[in-house]
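Read-outs: derived from the displayed coordinates by stated rules, not from any lab. This is a predicted model, so every value here is computed, not measured.
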Amino acid sequence: MKYFLLLSLLFCFSAQGADLDHLKEIEKGKLIYGEEVKAKDLKGKVILLEYWGTNWPPCVAGMPGLQVLHSKYAKTGKFTVIGSHVQSYNKNSVDGLLNKSKVTFPNYQFLRISKAPGGGGIPYMALIDHEGNVVATGHISNLESEIKKLIQLAPNPGD
């Protein structure tokens, strides 16, 4: 079981060279589903971080929508969803929900970002631009138009 402190390596510097030192407080929890995220995979990407739990019906109901967003925009190479399960971990329950929803994005147990620690309840999303700034928080119904705008502003992969 790996626990990492991502420090400034998580985002390093965006493709435009912005100072992202403030993100060194990010802690990555234990990977519980999907493939581990590496710093190079996030560099220059728009990230939707979802705090969620299997024991709360709105979180369960929202998971398929997150996968739709991930499938729709990840193919640009400029966007990803990362899940943070923030309740007691039960592998069968978590894997069952994520498999049923055909989730392809990584999920961690208790991943926390100090600049977007959660809104006092779940589900809760934080939208992070390609420079590492938290630009919006809240619910998906309010964020998709912002996601589209941020993807257009993000550099093309490899630039």
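Between LYS115 and LYS38, the contour length at 0.36 nm per residue exceeds the Cα-Cα span by 25.7 nm. Find the relative contact order for the stretch 20-159 and round it to a whole percent, using C-alpha pairs within less than 8 Å whose residues are 6+ positions apart. It comes to 35 percent, rounded to a whole number. Given their separation in residues at 0.36 nm each and the Cα-Cα distance between them, THR104 and GLU146 gain 12.9 nm when the chain is fully extended. Classification of the stretch 38-123 by its C-alpha gyration tensor yields an oblate form. The axis ratio a/c (a ≥ b ≥ c) is 1.5 or more, and b/c is at least a/b.
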